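Report on the following structure.
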Amino acid sequence: MNNIPHRTATNSKTQTQNSELRTQNSVLSTQNSELPHMSRATPETDTLQQWEQSTYKYGFYTDIEADAAPPGLSEEIIRFISAKKEEPEWMLEWRLKAYRHWLTMEEPEWHNVHYPPIDYQSIIYYSAPKKKPQLDSLDEVDPELLRTYEKLGIPLEEQKMLAGVAVDAVFDSVSVATTFKETLAEAGVIFCSMSEAVREHPELVRKYLGSVVPYSDNYFATLNSAVFTDGSFVYIPKGVKCPMELSTYFRINAMNTGQFERTLIVAEEGASVSYLEGCTAPMRDENQLHAAVVELVAMDDASIKYSTIQNWYPGDENGVGGIYNFVTKRGKALGKRSHISWTQVETGSAITWKYPSCILIGDDSVGEFYSVALTNRRQQADTGTKMVHIGKNTRSTIVSKGISAGRGQNTYRGLVRVNKGAQGARNFTQCDSMLIGDRCGAHTFPYIEVKNPTAKLEHEATTSKIGEDQLFYCNQRGLSTEDAVNMIVNGFCKEVFRELPMEFAVEAQKLLEVSLEGSVG
Amino acid sequence: MINKPERPHTVSDTNELILARDRQLEDFSGFLDVDGAGGLPSLKASRKAAIERFAEIGFPDRRNEDWKYTNVAPIARTAFARPTGEIPYIDAAELAPYRFGDDSSPRLVFVDGRYAPSLSTNGATTKGVTLLPLAEAVRTRAADVEPWLGQCLDDTNRPFAALNTAFFEDGVFLHLEKGVRVESPIELVFIATAGGDTPLASHPRIVIGAEAGAVATVTETHVGVGEGVSLTNVATEIMAREGAHVFHYRTTHLPDEAFHISTLAVRQEGKTDVTSCTISIGGRITRNDYHAIMAGEDGLCALRGLAKLRGREHVDNHLRVEHAAPACESREYFKSVLEDESRSAFTGRIFVHQIAQKTDGKQTNSNLLLSENAQADSRPQLEIFADDVKCTHAALTGQLDEDAIFYLRARGLSEREATSILVRAFAGEIIDTIKVDALRELVEERLFSRESSIDAGAPGKSGALQEAV
Amino acid sequence: MLEIRNLHASVDGNEILRGVNLTVNAGEVHSIMGPNGSGKSTLAQVLAGREDYEVTEGEVIYKGRDLLEMEPDERACEGVFLAFQYPVEIPGVSMNYFLRAALNSVRRHRGEKELDAVGYLKLVREQSKIVELDEKLLGRAVNEGFSGGEKKRNEIFQMALLEPALSILDETDSGLDIDALRIVADGVNKLRSPERAMVIVTHYQRLLDYIVPDFVHVLVDGRIVKSGGKELAHELEKQGYAGVDAGRAVAASS
């Protein structure tokens, strides 16, 4: 497992994901509590190592100009990261608290994904973005990569940027960012990197960071809390409708995020924002651990819409390489009539482990989860959501579409819980699976827990395949098998795609087509 | 942290479970020496293997995903004894309310897991049918029993099934020869007594082997007599060879303190039909485990269950249906009606092996919450490794439809009557599938005559109101 | 246009077609009749390229090319159209989306310009009148929730839209009442032209009252046992298929 920073340093949109499913699973996580079969040392030996390191690595602090920390995780490394980022003391303390807690935790095993043990001590936790060798023209770029960009309909200029070719000044992220920043500032919106927010808006960060996903939440989120390198911070003040979708900006600005991003979005009373994150460029990296955390907070009448298109490198046909994507995403619908909506299109990563969730605390608050997850080759996905109904008349909707092809294994895991006080709670869940080929698997594990009689919950799930007769019918009308499969798969995902902003919907559709290549025929 | 389990397992709980496990292990050594083998030498080894598996798992705590919604500590902490001495006298009249057959049909009655000949009738014997108490069968016809006993019960991760194998003293052996059709239902009655000095545990084992083309209906009735704690841990094995049809009904009528654990293991060859319907009434904790394997093409497996709960009753239905051959059909329909502080849980998993193309699986769990303090947990699950399959599941939880109640009241019914009618309609979808008329009537009577916060209303079901929940 | 020579085809090892010979020229309408299980639908499916059927012997020449070598979609683009007996439902895919994709695929193949949304809608409006198809149906998923008659009309509508050279109608009359039958037949008649050929597979003579064929062939046990003009259909009506001597196969003529 190596953890080299993304080679495509100019990769457009960042990618944050995350999740957890702690509740039902915390129960499970310790079920098979044999020794954690990874090479992480016991807390005792770790402490010993830290001590060794701290004495012997005296010059460590002074080497603050270094581009990268040595591999491994220790308090020293965390201090190093924090110092690098010029963080205030409380931030460092929070990280250390998380780290110490992490040492006491065990890696979860309840999920339906399988991977070789992760050696957390061989990972490099901090590495300044390396400058990629600049290429002079597209001719020098891997033609396969270009073919993919073309299929995705990425404009030429942007292709250059993605591939790391020197680009026109128009695409200079700094200037563009500045333009947007002015527009946003006029509206009172704060939108900056997490590092900047820690320095510039410590009172806000301190108040909300960890308020939705506490540092002790789950194994991967806790790790993130200790070592997160950057991410985005969004604050929408009372009554403000964010004047633009935050995608474009993000897409250009957040090019160099690490593997441990942390994103926090706060919408005050009556505020609303639509935030898009995505990675439409396939990453060519080796196995990498990606453990991000996203926290959303919505006050009275606030609305946050969070859309993700995830296309990390999925590994090859033999399951070599690919991203291990363990992310914790959770939104707290704190205020009355607040609204949190997650939409995700997950086509990449060797392993996807994420459960964007809504904690519906405010009365009449609404949570939504729309998901398309595709596994091809040897990809594995264990993804879904949690809807926890706490306030009165809270409503939630879950629409999940899982597509399995190749040797992919696709698991939907979702919890809907109605607490005792949640009078009049409503949930509707639709959970459909499609199988393409007979070597893949589709699994559906919903958990429905109801403690209030006035709640009304409906859950439906179906499994289907693309019928030979459907393909033949399309062929008979002149459509190629590939086009027919794409058409049917897109029809299958329609309910989710229509939740995406227009531009993203088109991208998502094309992404599915690329991801399904070679799965039929 | 909002999402931690509401009743976290405490250290003392865990210790208790370990102590309870060790108590079982101690009991076992005594039991094996006295009564371990009967006439079947291999049984001793099976029992040893089973207790070893149990020793490994122990009593499950709630970190065990299979037992997430049921806390077995109240069972584990009770020091149950095995029944000894004379079989207590039970007045046949006491059983009358739970019996439906006449004396012409065969009936075997067991008290605390031991055969009670005085209460049993052999009925008219049909040619090709062997119906014997299991202990007797093991003693006198070991060679006939051996090919069936333990053949489809997988107790690897089922601690109570393992305990059953380790401890069963008696039960039923039913064998149907090729092509035999038994017309009247075979009635099996298990009585758990309570109120003595020590609470008693029984582990009856029922073994049903149906040769090719055989057809039979078996009813399993569990009745609790006397107030107090008792444990019945029954395991039923049904093995259906090519083309056989077995219809199995289980009803439990239990006092408040009774614990009831059941395991139904089914193995089906091609073109078989195995249908089981369980009606749970009463008891403190009821757990029904199902494991069906469809190993031949064109099989049908239908499992149904209905629980009507009140007080602090707890019913947990836990199913695993495996499609291990192509073109089989499985149906699981489970419903619960919950009052007071009762709690129901449903976990259903349809597992489709890669070979099982053309699978048609359907699973539905519906829960009707009639009280503020009731709770229903539901986990309908699909695990699919074949691509040409049709699998669906659905879960519905809610209360009665206000509009439907209003509609009935507008037609002159009281609110109680209206509620009762709608509850009956809800339950009717399960009850109506009981093909033995006398049993169906008895179940209706028992279900709706129970003291309840809801009066028994006018009989009759309203099809139009089926969607009430 | 189409020449079938000694065509043998089987499914799961059972031989269904046992040496079919048939020649269809542009402008002609041929009817293939036969009892249930005679292989009529198999012939239609084999011509369209269904993979469930294995061609074991013989050849099919379409516009001078080996039809059997072509993929199903290539056949469609080359102008072979099959009106299905049981049109399949495709949930989630709207008729409009499906048809435009199909139409443009065919047009691309022919070297014609692809239609934009406006051009497509205009064409649809015209063609849907031919079979009196409610345009609202085109907003729904492919064949989903269509009545039996609507499905059949939809097939003929697609035929009108795609302008095939060779249309094969597989039991298009089955399940239609007399009014629907007339609408479908009218639609088909409107599409008859000197450039186009049609093969109408049917069990009953009734459709042929509305679509008058130039030739009628009787298919029994996987072979064409008798060929003739339209009067043959009436003969069959009177005598039934039993009257046809299966022993003496007569080569189809045209």
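The values are calculated or read from the model by the stated rules, or taken from the named source; none is laboratory data. If you're wondering where the values come from, they're calculated on a predicted model, not measured in any experiment. As a convention, Cβ positions derive from the backbone with ideal geometry for all residues, glycine included, and neighbour counts pool all protein chains shown. Quick note on the areas: whole protein, heavy atoms, side chains included, nothing else; ligands and nucleic acids left out. Shrake-Rupley method; radii C 1.70, N 1.55, O 1.52, S 1.80 Å.
A few remarks follow.
- More than 37 Å apart - percent of Cα-Cα pairs taken over the stretch B:104-449: 17
- Highest to lowest packing among C:58-67, A:384-393, B:61-70, scored as the average C-beta count within 10 Å: A:384-393, B:61-70, C:58-67
- Simple spin-label estimate for B:Glu402 and C:Val212 in nanometres, 7 Å along Cα-Cβ: 6.9
- Inter-chain Cβ neighbour average for residues C:75-82, partner chain, 10 Å: 3
- The stretch A:369-499: Cα Rg divided by the 2.2 N^0.38 Å rule of thumb: 1.23
- Residue mean of other protein chain beta carbons inside 10 Å, A:412-425: 2
- Peptide-level mean, for A:430-441, of C-beta atoms on other protein chains within 10 Å: 4
- Chain B - mean residue ellipticity at 222 nm from DSSP helices (-39,500 (n - 2.57) per run, n ≥ 4, rounded to 500): -7000 deg cm²/dmol
- Distance (nanometres) between label positions extended 7 Å along Cα→Cβ at A:Asp119 and A:Arg199: 3.6
- Radius of gyration and maximum dimension Dmax of chain C, Cα, Å: 17.9, 57
- Calculated FRET efficiency, B:Glu242 to A:Asp438, Cβ-Cβ distance, R0 = 35 Å: about 0.85 to the nearest 0.05.
- Under a 5 Å amide H cut-off, with hydrogens placed 1.01 Å from N, A:Ile124 pairs with A:Asn3, A:Gly72 among residues at least 5 apart or on other chains.
- Against the criterion of solvent-accessible heavy-atom surface with a 1.4 angstrom probe, A:Leu435, C:Leu115 sort, most first, into C:Leu115, A:Leu435.
- Over chain C, relative contact order from alpha-carbon pairs under 8 Å, at least 6 apart, %: 28
- In this simple spin-label model, placing a label point 7 Å from the Cα along the Cα-to-Cβ direction at both A:Glu517 and C:Lys238 gives a separation of 6.6 nm.
- Each peptide among C:87-97, C:101-111 gets the average number of other Cβ atoms lying within 10 Å of its residues, and from highest to lowest they stand as C:87-97, C:101-111.
- Full-extension gain in nm, C:Glu71 to C:Arg192, via 0.36 nm per residue minus C-alpha separation: 40.9 nm
- Accessible heavy-atom area order of C:Ile32, A:Ile361, highest first, probe of 1.4 Å: A:Ile361, C:Ile32
- Its DSSP H runs of at least 4 residues, each contributing -39,500 (n - 2.57), put the calculated 222 nm mean residue ellipticity of chain C at -10000 deg cm²/dmol, to the nearest 500.
- The amide H of B:Ser330, built 1.01 Å from its N in the peptide plane, has B:Cys301, B:Asp360, B:Gly361, B:Lys362 as neighbours under 5 Å, considering only residues 5 or more places off or on other chains.
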